[in-house]
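Quick notes on the structure that follows.
The values are calculated or read from the model by the stated rules, or taken from the named source; none is laboratory data. Small disclaimer: the values here were computed from a predicted structure and weren't measured. Note that each Cβ is placed from the backbone with ideal geometry, even for glycine, and that neighbours are counted across all protein chains shown.
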Amino acid sequence: MVEFVGREKDLQNLHQLLQENEQVAIAAVAGMGGVGKTELALQYARNHRETYKGGICWLLAKVGDVGIQVVQFARTHLDLNPPDNLTDDPNQKLLAQVQYCFQHWREEGDVLLVLDDVGEYQQVKPYLPSSSSRFKVLITTRQYLGASIKQLFLDVLQPEAALELLKSFFKETPQRIEQELVVANQLCEWLGYLPLGLELVGRYLKRKVDVSLTEMLRRLEKKRLEQRALDKPEGDMTAQRGVLAAFELSWQELNDDDKQLGCLLSLFASAPIAWDLVEQCLAEEDEEELEEIRDDKLLNLHLLQRKGEGVYQLHPLLREFFQYKLTGLEQAEELKRSLCRVMVAVAKDIPQDPILEQINAVSFAIPHIAEVANNLIQYVSDEDLTSPFMGNIKFYNGQGLYTQATPWCQQCLEITKKRLGEEHPSVASSLNNLAFLYNSQGRYSQAEPLYQQALALSCKLLGEEHPSVATSLNNLAGLYKSQGRYSEAEPLYQQALALRCKLLGEEHPSVATSLNNLTGLYKSQGRYSEAEPLYQQVLALRRKLLGEEHPDVATSLNNLALLYKSQGRYSEAEPLHQQVLALRRKLLGEEHPDVATSLNNLALLYKSQGRYSEAEPLYQQALALSRKLLGEEHPSVATSLNNLALLYNSQGRYSEAEPLYQQALALKRQLLSEEHPSVAVSLNNLAALYKSQGRYSEAESVYIQALDIFERCLGTNHPNTINCRKNLADLRDFL
């Protein structure tokens, strides 16, 4: 016999419902097909035989007239023979006989009356006991029976219980599950933790000893609900139908409009669905009529689940079922195009740099945008082809989740090339987007050729004077700056700025971006007197164009604060850093890479002022946040490690500082190459630590390495180069 798992609490709740009423207790177990309603009732009856000494009467509501079954049960098991002359009204004869049976039921103990698979409650209601509290009526149903009846809504199993149920079929060969435990969990998830599906697949695998779990999952993904494992139940199963047949019973109770709505819902991803998206897909339909279908049919028959206010979801196997039925639906193609149209519109509305409020607002739509990109892209026009991909890219990129955004960029480039050809503006944009994400992750060697391809393609297709060309120039310059290739970056920044001014006018956000980037380059080169007025100009322009509360305004304030800090103007820098941190938290949420950057910058300012106790917790917060958002291998994590090590070094906590310096150095070498100025910064810091510990020969060697990189990357007159040279000279004087 199959183990009964994961329903202990449901059994307790059911017993409580049946014991509460002083009159006839009626409780219904409701839920979708295959969820185990009948099995729960059966287990309850078995477990409570002693409770119901007056007997347990099991009636099959779908098989025949319930009244006739009651009379037959009484004659067979209770030796009762209801008279035929209880009433003169022939239409009331059966009802009278049923009530006679209840009135003359054996006297000892309570009685459990089980009505399995009730469709219409009104059809069985006349045959229920009328008064005696001895009788407890347990109904199983797919429908909501009304507020007057206490109902226990049975959901699918929890993942742990589902796995236990699957394992119960492998007691003789437990290694089959243990060797493929990850796949076993994937199987449970694919089946939506539905007991019927789990039992059918478990029994199938028990028979098919040479079929691995991996192969079983492959077969299910290929043949879906038509896979044989889900088809025919074995003779000793409580369930008498396979998954398709079980769902077919509910399908037969739907009219054409109901079926259309169910099939539309199946086109959405297997995730919660905001109802307003459904209404947009069926914009020509009356909203109230859609609600009626949703509430009175799909929800009532447990074909749809309510997940929250205005949010609904199909069970994974019901989603498969409706998709299976979709193939025979006349409106199938139009439904697919309608869904794509709505998801494209939502994707287009996601801002380039979304703030937390915007991310939260669109989060429900993201799985469905992904579904369109992955499985329905053929129904999206050439003009909108990149939109579903860009929606996901902006969503993840806006949270600093670059590793999750990257596959969407790669897929976008592949699909765009395949559909539109190698030479198309959308291909150039896709190249730019992928390169940008590689650059954000410090994958510079992968980013550069993509940026160069995008620039060449944009020039060829759009001409030298086009905003997309300016974008490509700006992006390539940014890559060079990140690598410390300043002499290559500056002319590209200047070209991009001049082109944007010419094409877009002096007052445009893109002009502000170009000006900001060029100014950042000047600061990196130590050209502070040139940088400050330009930063002020950018800040004023962004405030004018974007308002006070915008991420770009926060960036400008941050850049100006960093410039002041570099010049030792701490009292001017601190309020700006605090303003930036507060603004970013408000706009982007507590967990965002830019918030980590602000924490780092404020801590760096405090450290420069000797305010170590204020700096340390900020550095630690920044490091933890960067690791959480960006992963262990990211330039920002290396920066946080380096900064925390600097603080420890300043406090004489050398044993804590050294491993952090080493980690930061190794990470920078891995991500940024050996010849990056940031690597030289880490070397310089490590050398200073060695000097403080009296490890002079080690310090000298490391200072020499750092100075060599600084001179080659930044030139002999850069502040970092001058500082490193002085450090080396001081060490040698000391020796």
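Applying the criterion of at least 2 residues that are hydroxyl-bearing (S, T, Y) and within 29 Å of T716 (Cα to Cα) to the helices (runs of 4 or more DSSP H) found wholly in the stretch 497-598 leaves 509-524, 528-546, 551-566.
Considering A582, A596, the condition of being at pLDDT below 95 and among the small types (G, A, S) is satisfied by A596 alone. Suppose we filter L59, L112, L42 for residues that are part of a strand (DSSP E or B), under 55 Å from the mean Cα position of the chain (by Cα), closer than 29 Å to Q158 by Cβ and of a type outside the set (V, I, T); which single one remains? Being part of a strand (DSSP E or B), under 55 Å from the mean Cα position of the chain (by Cα), closer than 29 Å to Q158 by Cβ and of a type outside the set (V, I, T) holds for just one of L59, L112, L42, which is L112. When the test is whether a residue is in a helix (DSSP H, G or I), free of Cβ contacts under 8 Å to residues at least 60 places away in the same chain and within 22 Å of L401 (Cα to Cα), N601 passes it. Residues that are among the small types (G, A, S) and in contact with a Pro (Cβ under 6 Å, 6 or more places away or on another chain) within the stretch 490-537 comprise just one, G526.
Restricting attention to the stretch 416-442 and to residues that are in contact (Cβ under 8 Å) with a residue 12 or more places away in the chain and part of a loop (DSSP other than H, G, I, E, B), the residue that is surrounded by the fewest Cβ atoms within 10 Å (Cβ to Cβ) turns out to be E423. With the structure loaded, tell me whether E320 is farther than 22 Å from L191 by Cβ, among the acidic types (D, E) and not assigned by TED's automatic domain parsing to the domain that holds K394 or whether it fails that test. In short, no.
When Q280, Q260 are screened for being surrounded by 14 or more Cβ atoms within 10 Å (Cβ to Cβ), among the polar types (S, T, N, Q), out of contact with any Leu (no Cβ under 9 Å at 6 or more places or on another chain) and not in a loop (DSSP other than H, G, I, E, B), only Q280 passes.
Matching residues to (1) among the small types (G, A, S); (2) surrounded by 14 or more Cβ atoms within 10 Å (Cβ to Cβ):
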site	(1), (2)
C57	no, yes
G64	yes, no
N81	no, no
D84	no, no
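Applying the set (1) at pLDDT below 85; (2) more than 26 Å from K325 (Cα to Cα); (3) touching a Lys or Arg at 6+ places or on another chain (Cβ under 6 Å) to I177 leaves exactly one unmet item: (1). If you go through the stretch 483-536 and keep only what is of a type in the set (V, I, T) and either touching an Asp or Glu at 6+ places or on another chain (Cβ under 7 Å) or farther than 29 Å from E675 by Cβ (or both), you end up with just V511. Checking L165, L157, L138 one by one, the residue that is under 18 Å from L42 (Cβ atoms) and in contact with an Asp or Glu (Cβ under 7 Å, 6 or more places away or on another chain) is L165 and no other.
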